[in-house]
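Below is one structure, written out as structure tokens; comments come after it.
The values are calculated or read from the model by the stated rules, or taken from the named source; none is laboratory data. Keep in mind that what you see is a predicted model, and the values were worked out from it rather than measured. Positions of Cβ are backbone-derived with ideal geometry, glycine not excepted, and every protein chain shown enters the neighbour counts.
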Amino acid sequence: MSHLHIPDGILPVWLWVSGLALAAFLVLLALWMVRGVDLKRKVPLLGMMSAMMLVSMNIEIAPYHLNLSVITGIILGPWMAVIAALIVNVVMALVGHGGITVAGINSSVLALEAVMGYSFFRMMNRVVSPGLAAGISTVMALFISTCIMLGVVFLANVDFSSASIGEMHEVLQSPAIGTLTRTLGVRDGFNFRFFAAAAFSLGFFGWMIEAVITGIAVKFISKVKPELIR
């Protein structure tokens with residue numbers, strides 16, 4: 001659920017431009033951070049993990065497709081994973097899997113997913129086995145990235161020209177999503193509450209599947225090639 005499968009012309013211009021700007025910033029920062037890395041060793045891994053992510057994103061399991069972003073972050077490290085996220089989403093956009101203008105948002109969310117997965121894994125691996133740490137980290141990262149994606153969808157459907165946009169006291173008085181959408185003037189015909197419920201309920205099963213796959217893979221790697229995840 002961290003990938004928006006929508007064509008160009010759907011998102012507001014300000015939103016997809018912001019996504020492209022954020023993606024550009026993250027990639028430039030990543031390139032700066034990896035300037036001292038042994039690229040002869042990392043570039044082949046970058047190509048391999050990017051290819052794995054591309055393949056997994058085209059394998060649908062019911063309404064969910066795998067990302068393999070967390071294991072990419074674990075193996076490549078956070079900064080190389082940011083570059084991999086850009087490569088994957090540009091290629092996906094070129095073959096019609098989401099618009100070109102959406103590639104910035106998709107790259108940013110996928111990059112953050114990989115970075116969070118890497119960070120969670122480093123913390124969890126101190127107290128549990130690598131496989132279990134990878135599985136838990138996957139669920140945590142996918143949950144947060146889904147929340148980010150829902151935030152993007154919500155913003156895309158907010159009518160900022162609505163006169164009710166300033167009536168924020170209604171939001172403070174009630175935590176209900178329905179009150180929030182009415183106050184912010186969410187466009188008619190879009191049930192954000194239902195969409196969010198569907199994203200979390202269907203996404204949960206996908207998170208579990210990806211967590212199991214990632215956990216098994218990291219457990220195997222930790223035994224045969226432990227230097228890849230150090």
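For region 184-194, the condition holds for at least one residue, the condition being that it is at pLDDT below 80, over 20 Å from the mean Cα position of the chain (by Cα), in a helix (DSSP H, G or I) and crowded, with 18+ Cβ neighbours inside 10 Å. Inside region 9-46, residues that are exposed (fewer than 12 other Cβ atoms within 10 Å of the Cβ), free of Cβ contacts under 8 Å to residues at least 12 places away in the same chain and not β-branched (Val, Ile, Thr) make up a count of 10.
If you scan region 84-104, which residues turn out to be crowded, with 18+ Cβ neighbours inside 10 Å and either in a helix (DSSP H, G or I) or modelled with pLDDT of 85 or more (or both)? Within region 84-104, Ala84, Ala85, Leu86, Ile87, Val88, Asn89, Met92, Ala93, Thr101, Val102, Ala103, Gly104 meet the criteria. Only one of the numbered conditions (1) assigned to a loop (DSSP other than H, G, I, E, B); (2) at pLDDT below 55 is violated by Val171, and that is (1). Residue count for region 7-44, restricted to those that are more than 30 Å from Phe205 (Cβ to Cβ) and outside any loop (DSSP other than H, G, I, E, B): 21. Of all residues in region 16-54, those being among the β-branched types (Val, Ile, Thr) and under 16 Å from the mean Cα position of the chain (by Cα) number 1.
Among residues of region 139-150 that are closer than 13 Å to Ser69 by Cβ, those with a beta-carbon under 7 Å from a residue that is outside any helix (DSSP H, G or I) at least six positions away or on a different chain give the pairs Leu142/Ser2; Ser145/Ser2; Thr146/Met1; Thr146/Ser2; Met149/Met1; Met149/Ser2; Met149/Leu4.
Test Ile165 against the stated conditions and say whether it is part of a helix (DSSP H, G or I), surrounded by fewer than 19 Cβ atoms within 10 Å (Cβ to Cβ), out of contact with any strand residue (DSSP E or B) (no Cβ under 7 Å at 6 or more places or on another chain) and at pLDDT below 85.
Yes, satisfied.
Within region 129-160, restricting attention to residues that are among the polar types (S, T, N, Q) and assigned to a helix (DSSP H, G or I), the residue that is surrounded by the fewest Cβ atoms within 10 Å (Cβ to Cβ) is Thr146. Of the residues Met49, Met80, Met53, the single one that is crowded, with 20+ Cβ neighbours inside 10 Å, without any contact (Cβ under 8 Å) to a residue 60 or more places away in the chain and closer than 29 Å to Pro12 by Cα is Met53.
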